[in-house]
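Notes follow once the structure below has been shown.
The values are calculated or read from the model by the stated rules, or taken from the named source; none is laboratory data. Please read these numbers as outputs of a predicted model, since none were measured by experiment. Virtual Cβ from ideal backbone geometry, glycine too; neighbours counted across all protein chains shown. The protein model used for the area step is the full one, side chains on, heavy atoms only, and it has no ligands, DNA or RNA in it. Shrake-Rupley method; radii C 1.70, N 1.55, O 1.52, S 1.80 Å.
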Amino acid sequence: METQSTRSHPQPYSPPSRRLHLPRLHLRSSSHRQPATITVRPPSSSIGLVQCRLRQFSLVTLIFEPSSSRFSSSPPSSNRRHRRLVFTSRCTSLHSLFRFDFTSSPFFSCSFLIFEFHVNHYVLVFEHCSGTEASGIRMAILGGTPWTKIRAFSFEVAPPILHQSSLYYRQRIIRFRRNFSVSAFSAPEQKAEGAVRVRFAPSPTGNLHVGGARTALFNYLFARSKGGKFILRIEDTDLERSTRESEEAMLRDLSWLGLDWDEGPGVGGDYGPYRQSERNSLYKQYAEKLLQSGHVYRCFCSNEELEKMKEIAKLQQLPPVYTGKWASATDEEVQEELANGTPYTYRFRVPKGSLKINDLIRGEVSWNLDTLGDFVIMRSNGQPVYNFCVTVDDATMAISHVIRAEEHLPNTLRQALIYQALGFYMPYFAHVSLILAPDRSKLSKRHGATSVGQFREMGYLPQAMVNYLALLGWGDGTEDEFFTLKQLVEKFTIQRVNKSGAIFDSTKLRWMNGQHLRALPSEDLTNLIGERWKVSGILTISEGPFVDEAVHLLKDGIDLITDADKALNNLLSYPLHSTLLSDEAQPVLEDNLSEFSASLLAAYDNYDLLAELEEGHSGWKKWVKGFGKSLNRKGKSLFMPLRLLLTGKLHGPDMGASVVLLYKAGITGIVAPNYGFLTLEERFKVLRQIKWETYSKNQPEKEKATSVSN
């Protein structure tokens, strides 16, 4: 329930107390296909009678037969008794209150029939028949501004609009315009076929969450797959929490993901403005229309009264809904509060009964309106409430499909009622399941990174994020898991979106990112990683032979761009002492490692090794072969001690390529000076200083060696 503050409003309209009754509708099969005629004969009595005799038709005309001058402001044509109007025309000067009585026989039947009665500033009670007389008819009452439409649908027709669950329904008292028209159609009314228009409408109160990013992605894929438009709308009506910085960050994240929008901030469009904070005048306009039509009323309840209602409801174990204190207030009571300057909100008058929609993902969803209560659409400070803004925006921006998270499903109830009252066509709804953490709770910050910006900073690729997010609740029906954005557009259908929750697996996301990273063209991958090494301060350059060879050598161990730093660090580091002290190095030490080291130093002193390294990998292979023969070693007994002494490690990428890169890094000086890199020359100096007797099985000696190395 909303708080209230002082605000001035126009004087309310006080409707007459008379009531207008809608007739019972009788439909019966007929093989005749004759044009139907609706004849209106208003008598002079204050409560007129309209009698219509209908047959099956393809065309309907509306004939007015004025019985007095008060009926028409524009006189009939000369020498004609009747003023003939096509059914879409309106008589704008009807001053009598009419009771509509559709009776007599033969009545017609067709696959679909619509009657529209447009009356304002009269109180109406809608009564629809039930039982066998209504067999085959589904009734729907769609209140509209400025027109109210009362529609009857055959059961064979299931358009995606609201309908009442019961064939008998009594509508609340509502005020309408003083215009009258009747229309009938012999074909099912369908929502106008037009271009698909979807929207992503984030609130700029924080970072773009992966759940929001997936919602944007599904909207984007649906629009592109249907040749439609993807609209970005900023819902910044929360003035205290919304910031332009958050908005800009969201726009950057969407652009990074490759989700370019057709209309919205920075792009423009025919349905702008695209920030809710810039659309307040529109919301006020439609709020006033609802007030005039009677779907909304002023509520002068104080905060204390609202809290008391909640307490009473809690004690009675009832839903904490508004009791409707001001729903039936008299004009005198309203005027008195306005004169006293009492702050008020606009409350929507919720009808009785139930309401259902056909969700494209979840199927039929229904609500009991009795537990809702009249809800606020405009706060006392003049600010519109979220559900009202969203409905007006979606309708006036011609949104055809609303694809959003299932947490918005409760909002759909209020929004659907507002669609009814304003006479807007409802869009198709599709509510996507939530993204869950591994423990099946809602994904949150306590589970680690959750925003798109965080994943970007961690080194994830946009194409990998898009691919993974698409698979959270969707699949193409095959075992394929790797898709480009273009392929997703080609394969995406809303019918294959799963309504069960999707688990966010960061391990799989990381693995998938590695697959996408290594699938990049060689040049793109090299440029990406080379730039990373330079930015992180490891290298002084971002391109060249060293970078090319290093990327080629290390890419299989890189899943994230940031992993490239660790991979290069591992290549350039020389943790010889710590490795020698490890248990894993003990077998190598016991295999006469000291003698092997002396032979290696001799080869270095003779410049044999350095000369061959100048030739690159082929020179290294030639040297290793000769060196192994000289020591009568090969395989593991040759390569394990070589790797340990030259790289300081027992494991790593290809040793020959690693040693060649270490040599090039030393002679080119491309490693940043403050990095602490040891060249091959410096590593051989370390080997000369080692006292091998300290590295033995004797633990005290190992501890001594450790302290010396430290």
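As a calculated quantity, the FRET efficiency between GLU681 and GLU457 at R0 = 51 Å, using C-beta atoms, amounts to about 0.85. Length available on full extension from GLU311 to THR371: 0.36 nm per residue minus the Cα-Cα distance, which gives 20.0 nm. Working ranking of peptides 252-260, 357-365, 655-663 by packing, defined as the average number of other Cβ atoms within 10 Å per residue, highest first, is 655-663, 252-260, 357-365. Look at the alpha carbon pairs under 8 Å that are at least 6 residues apart: their mean separation over the length of region 573-694 gives a relative contact order of 34 percent. Remark: region 573-694 carries a charge dipole of roughly 240 debye about the Cα centre, counting +1 on each Lys and Arg Cβ and -1 on each Asp and Glu Cβ. Surface analysis of region 573-694 yields an accessible area of 50 Å² per residue, using protein heavy atoms and a 1.4 Å probe. Among GLY669, ALA598, VAL659, flag the residue with its Cα farthest along the positive direction of the charge dipole of region 573-694, charges on Cβ as +1 for Lys/Arg and -1 for Asp/Glu. Toward the positive end, the furthest listed residue is VAL659. Using a probe of 1.4 angstrom, how much of the accessible area of region 301-429 is carbon and sulfur, in percent? Solvent-exposed carbon and sulfur of region 301-429 make up 49 percent of the total. Quick check: from the Cα gyration tensor, does region 573-694 come out rounded (a/c under 1.5), prolate or oblate? Taking the square roots of the gyration eigenvalues as a ≥ b ≥ c, region 573-694 is oblate. Potential lengthening of the chain between LYS499 and LYS625 amounts to 39.1 nm, from the contour at 0.36 nm per residue minus the alpha-carbon distance.
The stretch between ASP270 and THR478, if pulled fully straight at 0.36 nm per residue, gains 70.9 nm over its current Cα-Cα span. Comparing VAL588, LEU638, PHE684 along the charge dipole axis of region 573-694, the residue lying farthest to the positive side is LEU638, per the Cβ-charge model. Using only side-chain charges placed at the Cβ, +1 for Lys and Arg and -1 for Asp and Glu, the dipole size of region 331-460 relative to its Cα centre rounds to 740 debye.
Solvent-accessible area assigned to carbon and sulfur over region 434-542 amounts to 49 percent, based on a 1.4 Å probe.
Would you mind getting me the FRET efficiency between ASN340 and SER506? Use the beta-carbon distance for r and R0 = 56 Å, nearest 0.05. After rounding, the FRET efficiency stands at 0.40. Sorting 527-540, 580-593, 327-340 by their mean Cβ neighbour count within 10 Å, with the most densely packed peptide first, gives 527-540, 580-593, 327-340.
Judged by the mean number of other Cβ atoms found within 10 Å, the most tightly packed of the peptides 239-247, 425-433, 611-619 leads the ranking 425-433, 611-619, 239-247.
Which residue, ILE361, THR396, LEU417, has the largest displacement toward the positive end of the dipole of region 349-418 when charges sit on each Cβ (Lys, Arg +1; Asp, Glu -1)? Final value for the positive-end residue is LEU417. Split the accessible area of region 573-694 by element, probe 1.4 Å, and carbon with sulfur accounts for 51%.
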